[in-house]
Structures are given as C-alpha cells and as structure tokens.
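Here's the structure, in structure tokens; my notes come after.
The values are calculated or read from the model by the stated rules, or taken from the named source; none is laboratory data. What you see is a predicted model; the values in this text were computed from it and never measured. For neighbour counting, all protein chains shown are included, and Cβ atoms are generated from backbone atoms with ideal geometry for every residue, glycine included. Accessible surface is based on the protein model in full, side chains and every heavy atom, while ligands, DNA and RNA are left aside. Shrake-Rupley method; radii C 1.70, N 1.55, O 1.52, S 1.80 Å.
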Amino acid sequence: MQKLEYPEEIEEEIETEQEELRIESTIYEAESPKNLKTSLLLSVTYSGKHGKALVKLYNPEDGKIYYWYDNTGHKPYFYTDLSEEELRKNPSITLHPGFLGFDIVELYHPILDKKIKLTKIIAKDPLSVGGQKNSLREYLKNKWEANIKYHSSYIFDLGLIPGAPYKIIDGELLRDFKEVKFSEIEELYKYEDPEYLQAVKEWINILNQPIYPIKHVAIDIEVEMESPTLLPSPKKAASKVIAVACVGSDGLKKVFILRRNVDMGTKSPELNGVDIEVVDDEVSLLQKVFSIISSYAIVFTFNGDNFDLPYLYNRAIKLGIPKEKIPIALGKEIALVLPGVHVDLYKFFHNKVIQIYAFARKYDETDLNSIAKALLGVEKKVLKDFINLVPLYELALYCYNDAWITYNLVNFNNKLILNLIIILMRITKLPIEDVTRIGVSNWIKSIVAFKLRSRNELILNKEEIFATKGTLSTTAIIKGKKYQGAKVIDPIPGIHFGVVVVDFASLYPSIIKVWNISYETIDCIHEECKSNKLPGISHWVCKKRRGILSILIGSLRDLRVGFYKVKSKDPNLDQQTRFQYDVIQSSMKVILNAAYGVLGAETSDLYSPAAAESITAIGRYNIDKTIEIAQSLNLEILYGDTDSLFIKQPQKDVLQKFVEMVEKELKIDIDVDKIYKYVVFSQRKKNYFGVTQNGTVDIKGLLGKKKHIPEFVKKTFYNIVEMLKEVNKPEDFVKAKEKIKNLTYEQYKLLKTGRISLSELAIKVTMNKNIEDYSKTTPQHVKAAMQLKYFGVEVKAGQSVAYVKVRTQEGVKPVQLARLDEIDMTKYVEMMKSSLEQLLEPAEIEFESILGSNNLGLFM
DNA sequence: GCGGACTGCTTACCT
DNA sequence: ACAGGTAAGCAGTCCGCG
C-alpha cells in the first residue's frame, strides 16, 4: 500500500493561547439540578459564559451528564511578593480590565521553612491571570502559582477528587463516599507518624470508592481524499465526510454512509447486527453524528484531537451549520465535546509510562493497528482500493472496524482502560481530559500541588527549586548524562543451577520514604541538618521536617506493596473487588516507577538534581551493603543490577537470615523475586537467560529478542530456547546439544540456498527522527528510508523502516525495492552467528563448527 | 589509497 | 517531553604505511 503524506498547512495556525476552552453553546449544555444522586466527577473546566468553574458529573442511574457551577465565588488568582502598596502604583495591574483585587496572605515556604507574606492578585477570569499577551502575570517578575490552570486551582482549593463519587444536595456539591474501615490500616501502620497515617487513610478513602460503569461511545470517521497520496487536512476540511461509525456501551452499532456515485458492493457477514444508514446529504449525516456525540458521557476516539473531531467541526462550519449547533470545541491541540467529555486514546496509549509500566511494552508503535494487534490480537482492515472508489458496504465495514477496535480498547479485560483512567484521575487529581493527555511529570506535579494547597503551603517555581537543589556531587558514567545512576555487578559467566533472585520491592520509592528525600528536604536550609550526610555523596537531608514526596510516594508505595497487591490476590474477596484492587496497584506502579525520574528530569517542574542523585547514590549504597551481608554469610553472588542480587544455591535458613539482616540494616524490604532452575550468564551485563522452576524462560537483553533482528534469525533463536527449556540438570545439555546443532545447520542451509523470503530477512528499525534530522551520521536504516523517499514513500519519526542488506555500494535496500538475488549472505550469516552464539556459547557449541562440519560443497 | 584503532552516533535493551 | 547503565553495529576520523 502506498504511504500517505501529510498535507502542508499553509495558513498560519491561529494560536489560541487560551488555557480554558470557552464553551458558549447553550444547546448542548447539560442540566444543573438542585439535587443529584451519586455521580462520578468526570471533569472540571471553566465556563466562559457563566464566568465560573464548571464541574461535569456523570450519573450512572440515568446515564446522563450533569453540570454543577461554582457557588463559592471562587476566582482565579496568583501570588507576588510585592506589597499591596507597591502594586497600587502599577496601573498595568490595577487598571487591568480583569483585575479584581488584592489579598494579603501568609503561606508556608517549604524551602525557607517559614511562613512568608505574599500578595494574592485576584482576577475576574482565567485569561486575565495568564494565557494572553497582556495577562496580569506578564506584568510581574516575582510570581507564584501563576501557571496553574484554573480548573486545577479550583480542584485543589475545593479538595475535589476527580473520578470519585459526588452528590448535589440543595445546590451544594458534596462527597458521596462509602464509608471505609481503617482498623486494619491503623494496625498495619501503627508505627508511622500521624501525618503519614493520615496520607495513607486518604488514599484508601478515595481509591476504595466504587467505580460505576460509564456510558460511552467510540467514533471513527472516513473522509474522501483529494489525491491518493495526500492525507486530508482537518483544518481545511475540503473533502466530504463519507462514513462515520459509532459503537456504544449501550449496544449501539451504527454506521452512517454518505450516498455517492459509488457501488453499494456486497455486505459482509461481519456487518450483521450493525445498523447501516445511507444518508443522502452530508449536512444531515453530520447532524445525526452530532446527536450521538452529545448523547454519551464519554466519546472515545483514536487521534480524534488531531483529526476526527476538528474535521467534523470544520466541515460542519464549511457546510453552514452554525457553530452553536456543533457539540465540539476546538483548542490548540485538543478537541472537546459537549456536554460530556472526549478521550483521545492515541494520546493515552502514547504516554510512555502507560506503554512501559501499564502494558509492559507490549506495543512499541502507537498506531491503532500496532496497539490493536498487541492488546486485542486483531488487526485493522485494509482497503483494497483508493478510498474514494471503495464500494459503500466495504467502506462501512472498514470504518465500523476501526470504531469497534477503539471501543474494544476501552472495554477489553473487564473495562481495564476505563478503570485505569478513573483510578489515575483519583490519584492525580486531574480531570479525565488532562489525565489522558499529559505526561507523568505533570501527574506528579498535580499530586504534589493538591497536597501543598491542602496544607497551606506555597507551590514553588521550578527556578526556585533548582537554585538550591541544583548542585551535583557525582559524575555520570555515560557521557552527556548529569549524574551517576545505578550499579550493575559483573556477572560470573557460566551455567548456574539453583539460583535465587532477591530484590528490593520498589527500591527508589522506598529510599524516598525511608531517607526522607524530597525537593525541599534535600540540602535543606538548617545548619543543624548539614551533618546529616547521605552515604557516598556530599548532600544532606533534613532531620526536622518530613518531605512531601517522602509522605506521598512513601504512602503510595507502602499501600501498593502491603495492601493492594496482597488484596488483589485475596481469595476471600469477590472477583470485582480483587479486580479493582489490581487496577489500583497497577496505577500506583505507574506513578511510583516514574517518581524518581521526575526529580531528575530537566523538563519537570520538580527538577531537583540533588534529590535525584541522592536516590541513586543510596541505591548503590544499599546494594553494596547487601553484598557485604551476603559475603559475611558466605552466600555466592552471581550477578546484580540496581535492586537485585542473584544468589547461587543458598541454604534456606541462611537466606532467611540474610533477608532479616538486610532489612534490619537498611530498613527496606527485600524479597525473593524468583527461583531459577538454572541461569546462564556470559561476561556481559544486562544479558542472560534463565529457566524458572515452572519451566518458563526469561530472556534478558540477548540479541535474539531485539525487535530489529530479522524474523528468520529470531525463529531459530526461539527454537533453540525451546530446546533449552527441557534442560533440568547439567547432563541434559549434552542431549540438547545435538538437536540445537542440527536445527542451526538446517537454518543456515536454508539461508545459503536462498530459501528465506525477503520479509523474513527484513531488519526493522525505528526512525526516532525524521530523515532530515540525521545530521551527524547516516545510519543504515536512514539510508534505506532515503531510498524509499526517492520512490515517494516517506518514513516519519516514530515509524519503522524495513530493509535488507544487499551487495550494492550502499549496502542496504528497503525490502519493497530489493530482490532476493542481491542479498548479502555473509552479513546474514554474521547476524545469525552473533544472535545464536549467545545461546550456543554456554552449551559449548561453536557456531563455526556447525557450518564447517557438514557438506561443505553445497554452497559454492 | 587502504585498513586498523579509535571515537561518536544510533537503537534497543535492563533496572 | 521520568532517569542512568549496557551492548551492538555502523559511520566517520585519524594515522601510518617505503
């Protein structure tokens, strides 16, 4: 299939610097009742029309969205250190049309460790605080909390928990929480300080609330194309919308097709049960779609922010539909719907931490097809012809299938995604639109800011944190990195039977808790804390005050490990509860795993290099101490990486003693993670394989598992792995050896005689940049991409190039352009060798000997 | 003019 | 737009070489 190009955007983008989308339409406004029963808080936004914060609630009883407008008189604001008197002299402030007034406040400054006096500047609307050239914040140098979005500020000040149940009584918005019993928790954490216990209780209180099913719909649209290679531009919306599919949680299965001068074609049985409506004119088609969009609480799309919804909106405008009759509001890079909410699954799945920690890297490209293949085991349909010419029933099927996939991404595995989103909202205090669109550093920022506001503490500026926490005392091993990271212990090469792996359960979060690491406690201001040095570095940590991250991250860690993980496997609980607990513990995992990284990320608002390098330094200290203890008990350490140690054939009681000693010394839990029948190490770090007691094989870092290795090498690699599974004792290797040799030889023969197809020889490598951005060198995959571009197919950043090695000057060719007879065999034999050797070497098989031992004449 | 030693770039992995 | 550490393969450079 021909690759598509993106349209050139000719017009200047109209930069709507607006932080809050002003939704002016009244047609699609939801009711705002005086009383409302148990409803989930889905979103908070600012209503320009009412000049108030707007809370969107979902009532599971009737499946409808309800609005609640602020009745507390809450206004946007920020702080400055200028006195009111000084400010009065500044007409840009006092005469600003959005200026409302001043207030003098006292707030606790976490780094100065004292209360400071600030002037609160109150504004009429969010845009007057920030977002425009002449917003109030632009006229002041020293300012705090001026970049917080108004809806977040509102959530923080009212202590709202997005994703949690609320009710309205006599116009008042109230928590509608089920009572949670804390006796068990109080027992579990009785040695912790009261502040910490309080944090634990608050987490449980919000996380254990029921999650109600939410009425939702998945939508996908198809658009006619101007040319076969140019993707339609949503901004221009020049071509017709020819199909729209909707799949709803209420059983809706609907496809609207625009009647055009194209064959109906034949209706596939896959469309049985799907209501296909052929609509005569585009305007009615759009109106019907709008009516569906506005009747569901959540609209899910895949890339709807950047394509489907702006296209529908702009097309509707173009066809003369008045904008107040369109239930869509467009922002800079976001599209919202009315009266409910829109979630763009592309953005959610694109989030790196979701990809890595929630889905364990099951998908590595974030297009719909890759994700569907990895998570649902299904693929997108392929159009057999240019979309403009495809028979209508076929188009209907294609469109329906995409909406169906989108719907199932939300609903597979017991609505996992929907549950995950709700739990993440509760943890991060972000509205559904934000939590599904922004990255983890902003999640954590929101968690922290919510807590700070509740404690009447100032939310510090990035620069302020960096000014005192920016010093580094270590040097990174890798050039270009800022500070030293984890320690990896050289493995002892060979085959080792009976290996026990112990590891620290979430090491870095534990360190943050136990050592009181936080951006404000590291290198704190107190003279008397300076002696409280951390091991191996020149930083010290506060003795007087518990750090906010120590509390937040520590409590999340403890609850995950000690409560939710345990409860998710508790057979005494019903399945639904266990499932919710499992969702909670995986949501926590996502956040915990990223917490340390956020401190070390320059782009993060909590960037605190001193804290980040202290965490890794303590990590190294921990592993060193643990090795010392192991040695004192005569345990043999085979390998270790960051937070784990591989111990050879430890005696049960010695291991027990070891665990006790480590926990006593370091105050951090260490557990047996797994037991291997045998593990095979080379001299390489991060590179081994092992067979566990139940026969599963772990392969770490070996070449054969890397995704760019050609399929045919991979197949052979995994066939050998299967053979190694059978090995239970040292003697078994001898038997496996013959089988492995034969297999390898057979594959080699196939390769040499040209019987491996081009696609199995393909090397697939991701382009992390666009072609023109490779300025320093031109790697092979880029060479291949350049050849493809010459043929009119452009590979963009994020996509992968498939190429083969050939005997030409360039050395490579994209698979599409290559012939089998020009393949450079020697390169493929080399690849086979390097990949397979990592398995053969330990079995004492020489790759070369396999090739040489048989029928030499065959290949010349 | 060419090959080996070296450094640097790039990707994909591990924790 | 969370971190650093490691392996592998290739690109590019420098140096020596009658």
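Go through chain A and flag any cysteine with no other cysteine's C-beta closer than 4.7 Å, please.
That list is A:Cys246, A:Cys399, A:Cys529.
In what order, largest first, do A:Glu186, A:Glu222 sit by accessible area if the probe radius is 1.4 Å?
On the way: A:Glu186 80, A:Glu222 20 Å².
Of A:Glu186, A:Glu222, the descending order of accessible area is A:Glu186, A:Glu222.
What dipole magnitude, in Debye to the nearest 20, does chain A give about its Cα centre under +1 on Lys/Arg Cβ and -1 on Asp/Glu Cβ? Don't skip to the end; give the middle numbers.
On the way: 117 positive and 114 negative charges, 224 e Å.
So the dipole magnitude of chain A works out to roughly 1080 debye.
Taking H as built 1.01 Å from N, whose amide H comes closer than 5 Å to the amide H of A:Ala164, not counting residues under 5 places away?
Here A:Leu41 satisfy the definition.
I want to check the label-to-label distance for A:Thr778 and A:Ser239. Put each point 7 Å from Cα in the C-beta direction and report it in nm to one decimal.
3.3
Could you pull out every whole DSSP H run in chain A that spans at least 18 Å of Cα extent along its own axis and averages -1.0 or higher on the Kyte-Doolittle scale? Before the final figure, lay out each step's value.
Working: long enough: A:194-207 (20 Å, 0.06); A:392-428 (45 Å, 0.77); A:440-454 (21 Å, 0.45); A:575-599 (37 Å, 0.11); A:609-632 (34 Å, -0.03); A:652-666 (21 Å, -0.29); A:711-725 (21 Å, 0.00); A:732-752 (30 Å, -0.93); A:825-840 (22 Å, -0.04).
Helices meeting the criterion: A:194-207, A:392-428, A:440-454, A:575-599, A:609-632, A:652-666, A:711-725, A:732-752, A:825-840.
Taking amide H positions as placed in the peptide plane 1.01 Å from N, state which residues far from A:Asn303 in sequence (5 or more) or on other chains have amide H under 5 Å from it.
Under 5 Å from the amide H of A:Asn303 lie the amide H atoms of A:Leu345, A:Tyr346, A:Lys347, each far enough along the sequence or on another chain.
Please go through segment A:59-114 and write out the trypsin sites (Lys or Arg not before Pro) that DSSP classes as loop and that have at most 13 other C-beta atoms within 10 Å. Mind dumping the intermediate values first?
Working: sites: A:Lys64, A:Arg88, A:Lys89, A:Lys114; in loops: A:Lys89.
Counting only loop positions with at most 13 other Cβ atoms within 10 Å, the trypsin sites (Lys or Arg not before Pro) in segment A:59-114 are A:Lys89.
How about segment A:766-860: which trypsin sites (Lys or Arg not before Pro) there lie in a loop by DSSP and see at most 16 other Cβ atoms within 10 Å? Please report the intermediate quantities before stating the final value.
Numbers: sites: A:Lys769, A:Lys776, A:Lys783, A:Lys789, A:Lys796, A:Lys805, A:Arg807, A:Arg819, A:Lys827, A:Lys833; in loops: A:Lys769, A:Lys776, A:Lys796, A:Arg807, A:Arg819.
Answer by residue number: A:Lys769, A:Lys776, A:Lys796, A:Arg807, A:Arg819.
Of the GluC sites (Glu not before Pro) in segment A:59-89, which ones lie in a loop per DSSP and count no more than 15 other C-beta atoms within 10 Å? Write out the running numbers ahead of the final one.
Details: sites: A:Glu61, A:Glu84, A:Glu85, A:Glu86; in loops: A:Glu61.
In loop regions of segment A:59-89 (DSSP not H, G, I, E or B), the sparsely surrounded GluC sites (Glu not before Pro) are A:Glu61.
Non-local amide H neighbours of A:Asp641 (under 5 Å, H modeled in plane, Pro and chain starts lacking H): which ones?
A:Ile489
Using a 1.4 Å probe and counting only protein heavy atoms, arrange A:Leu118, A:Leu319 so the residue with the most accessible area comes first.
I get A:Leu319, A:Leu118, largest accessible area first.
Please give the charge dipole size of segment A:679-723, origin at the Cα centre, charges +1 on K and R Cβ atoms and -1 on D and E Cβ atoms. Round to the nearest 20 debye. Could the numbers behind the result be given before it?
Working: 9 positive and 3 negative charges, 64 e Å.
Result for segment A:679-723 is approximately 300 debye, rounded to the nearest 20.
Suppose each label sits 7 Å from its Cα in the direction of the beta carbon; what would the A:Lys89-A:Asp263 distance come out to in nanometres?
8.3
Apply 1/(1 + (r/R0)^6) to the Cβ-Cβ distance of A:Arg578 and A:Glu830, taking R0 = 60 Å, and write down the FRET efficiency to the nearest 0.05. Can you show the working numbers first?
Values: r = 50 Å, r/R0 = 0.84.
Taking R0 as 60 Å, the efficiency between A:Arg578 and A:Glu830 is 0.75.
Applying the Karplus parametrisation 6.51 cos²θ - 1.76 cosθ + 1.60 with θ = phi - 60° to the phi angles of segment A:803-810, what ³J(HN,Hα) value in whole Hz is obtained for each residue in order, glycine and proline being reported as x?
Result, ordered by residue: 9, 10, 8, 10, 8, 10, 3, 5 Hz.
From the helices alone, meaning DSSP H stretches of at least four residues, give me the mean residue ellipticity at 222 nm for chain A, per-run term -39500 (n - 2.57), in deg cm²/dmol to the nearest 500. Intermediate values should be presented prior to the final figure.
Details: 25 runs with 300 residues, N = 860.
Result for chain A: -11000 deg cm²/dmol, rounded to the nearest 500.
Would you mind telling me the share, in percent, of accessible area of chain A contributed by carbon and sulfur at probe 1.4 angstrom? Could you put the intermediate results ahead of the total?
On the way: 18950 of 38370 Å².
In chain A, the share of accessible area belonging to carbon and sulfur is 49 percent.
Expressed as a whole number of Å, what is the distance separating the alpha-carbon centroids of segment A:165-199 and segment A:457-523?
Measuring centre to centre over Cα atoms gives 32 Å.
What accessible area per residue comes out for chain A, rounded to a whole number of Å², with a 1.4 Å probe? The partial results should precede the final answer.
Details: 38370 Å² over 860 residues.
Accessible surface, normalised per residue, equals 45 Å².
State which entries of A:Lys37/A:Lys149; A:Lys56/A:Lys318; A:Lys267/A:Lys384; A:Lys544/A:Lys625; A:Lys589/A:Lys674; A:Lys714/A:Lys833 exceed 21 angstrom in Cα-Cα distance in the structure shown.
Numbers: A:Lys37/A:Lys149 29 Å; A:Lys56/A:Lys318 30 Å; A:Lys267/A:Lys384 15 Å; A:Lys544/A:Lys625 27 Å; A:Lys589/A:Lys674 19 Å; A:Lys714/A:Lys833 12 Å.
Correct reply: A:Lys37/A:Lys149; A:Lys56/A:Lys318; A:Lys544/A:Lys625.
Quick one: 3J(HN,Hα) in Hz for segment A:265-281, Karplus 6.51/-1.76/1.60 with θ = phi - 60°, rounded, Gly and Pro as x.
For segment A:265-281, the Karplus-derived couplings read x, 10, 8, 5, x, 5, 8, 4, x, 9, 7, 9, 10, 8, 10, 6, 10 Hz, x marking Gly and Pro.
Could you tell me the center-to-center distance, by alpha carbons, between segment A:776-804 and segment A:606-680 in angstrom?
44
Along segment A:46-54, what does the Karplus equation 6.51 cos²θ - 1.76 cosθ + 1.60 (θ = phi - 60°) give for ³J(HN,Hα), rounded to whole Hz, x for Gly and Pro?
10, 8, x, 5, 8, x, 9, 5, 10
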